[in-house]
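Below is one structure, written out as structure tokens; the observations come after it.
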Amino acid sequence: MARHTDILIVGGGMVGTVQALALAQQTQLSITLLESDPVTEFTVNQPTELRVSALNSASRALLSKLGVWQQLHTNRIGHFDTMTIFDQHASLQFDAAETGQTALGYIVENCHLQWAATELISQFSHIQVLSPATVTALSGQTVTLSDKQSLSAKLIIGADGQHSAIRQWAGIHRQTLRYQQHGLVAIIHSEKPHLNCARQRFVDGGPVAFLPLADPHQSAIVWSLPVATCQELSTCSPAAFIQRLHEIANMDLGELQLLSARAAFPLQSHHADHYVKPGIALIGDAAHGVHPLAGQGVNLGFQDVAALTKVVSEATHRQRHFADVNVLRRYQRARRAENLVMQHSLTGLHHVFGFRPPLFNQLRASGLHLLNQCPPIKNWLVKQAAGKLDR
Ligand SMILES: Cc1cc2nc3c(=O)[nH]c(=O)nc-3n(C[C@H](O)[C@H](O)[C@H](O)COP(=O)(O)OP(=O)(O)OC[C@H]3O[C@@H](n4cnc5c(N)ncnc54)[C@H](O)[C@@H]3O)c2cc1C
């Protein structure tokens, strides 16, 4: 017979783990979190992980409210208070001081954040983490695991990433746009300090971002490239890789050195037609995915967490059935339109910067130049990227 829990979260990536913690803190419901890959302990002296995320102010506010931010090692949190976006013709600068913000964003290793949230979860007796545990089937409100155990729940939250099986088993369709690009990530050392500036250069083939880490001479790069070029740059010698990086993105950082392995991820944008069904809700990449050029993916996921937690906890306080589809639709209304706008904006930016005709390049350069002279629009853009702080 299936074991029962009030809420079952499938997928303990950053979004699923933070969702479990938020619900544990704000409700008395029994929660089970299932994750295929066990989280490994993060230690402050370990080398910088390849996967990092640029987090905005709204994510920081949510993580602080949950106590996760305070668990992070401060000497492993990077931040940027300026940002430069440029191509060969023009540039655009943002400065936190001009917009009244303390920082434009923070850079945190994914495994660091996940470990900090996992540590906090272990303090709650009404939440159980099963890992390694892989869900292999969904039937009604019951899931089956690879070891044939079954678990049933009033609410099943799909936090199982872009290939979400929960979304597919629930029969929820999605729209997908494949960019024919891969994102190459690596950690580099620079001769000159990064001065807490995030740099993004648009070059033929796609943007390359330098995200400043806590070490003033280390940056994480995210380089969006056509698939074949990415394959070539992932496997060439470190010296050849660094030379290419210098050629295309020669900035003000002096000599560069490769400190890590390189890894590549296919880039796509997708959006589920619905986020909810009776007894089911999708969050994070299970519901939507965007191009990483603006570092918004997990930030949108954390805003899903804030919205779903609010809807579920309000329903339980009012003694309403929290898994009722009319309750869950409030979550969908709070998030879907906003995520869709971000998705289309980033796809638009990807096309604007990927478009090569010379006349268009000149227009784009003039546009960037004008935008750079216009503080109100820049402030508005910074506020959009910072996310909503009022949940
Ligand atoms: C190159 C690159 C750079 C990026 N940079 C940024 C950035 O700077 N800022 C930002 O905000 N976003 C960024 N993103 C996006 C961000 O990484 C994702 O939005 C985020 O990781 C999504 O988290 P998630 O928890 O929703 O999904 P995932 O991280 O995919 O987690 C899903 C989890 O579910 C588990 N799972 C899957 N299926 C099952 C199953 N059947 N049973 C049990 N468990 C299962 C998986 O093991 C996994 O742990 C970037 C993405 C890429 C590719």
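Every number in this text was worked out from the coordinates using simple rules, so none of it is lab data. Only a predicted model underlies this, so the values are computations on that prediction, with no experimental measurement involved. Glycine also receives a Cβ, built like all others from the backbone with ideal geometry; neighbour counts cover every protein chain displayed.
Per-residue Cβ neighbour counts within 10 Å put ARG318, ARG3, ARG329, ARG76 in the sequence ARG318, ARG3, ARG329, ARG76, beginning with the fewest. Over every Cα atom in region 118-265, the radius of gyration and the widest Cα-Cα span, Dmax, amount to 21.3, 58 Å. Straight Cα distances below 18 angstrom link LYS192 to the aspartates and glutamates ASP81, ASP215, GLU247, ASP252, GLU255, with same-chain residues fewer than 8 positions distant left out. Given R0 = 30 Å, the distance between the Cβ atoms of LYS277 and ASP37 translates into a calculated FRET efficiency of 0.70.
Under 14 Å of direct C-alpha separation, and excluding same-chain neighbours fewer than eight residues apart, LYS277 reaches these aspartates and glutamates: ASP324.
If the chain linking ASN45 and SER125 were pulled fully straight, counting 0.36 nm for each residue of separation and taking away their Cα-Cα distance, it would gain 25.8 nm. Bridging of LYS310 to aspartates and glutamates at a Cα separation below 13 Å is possible for ASP390, once same-chain residues fewer than 8 apart are set aside.
Ordering 180-190, 33-43, 279-289 by mean Cβ neighbour count within 10 Å, with the highest value first, yields 279-289, 180-190, 33-43. In µm²/s, what is D for the chain at 10 °C and 1.306 mPa s, where D = kT/(6 pi eta Rh) by Stokes-Einstein and Rh is the Kirkwood radius from Cα pairs? Here the translational diffusion coefficient equals 73 µm²/s. Of interest is the spacing of the C-alpha centroids, which for region 127-168 and region 1-79 amounts to 18 Å. Using a 7 Å offset from Cα along Cα-Cβ at HIS73, what residues in region 240-278 end up with backbone N under 18 Å from the label point? Backbone N within reach: 260. Below 15 angstrom from the Cβ of ALA153, what's the summed charge of the other residues (Lys, Arg +1; Asp, Glu -1)? Neighbourhood net charge equals 0. Using the Cβ-Cβ distance between THR136 and GLN257 with R0 = 30 Å, the FRET efficiency computed as 1/(1 + (r/R0)^6) comes to roughly 0.10. Each peptide among 15-21, 196-202 gets the average number of other Cβ atoms lying within 10 Å of its residues, and from highest to lowest they stand as 15-21, 196-202. Compactness check for region 230-315: Cα Rg over 2.2 N^0.38 Å is 1.63. Assuming R0 = 30 Å, can you tell me the calculated FRET efficiency for the pair GLN319 and GLN175, based on Cβ-Cβ distance, to the nearest 0.05? The formula returns an efficiency of 0.20 here. Let a ≥ b ≥ c be the square roots of the eigenvalues of the Cα gyration tensor of region 35-117; is it rounded (a/c under 1.5), or, if not, prolate (a/b larger than b/c) or oblate? Prolate shape, in that a/c is at least 1.5 and a/b is the bigger ratio.
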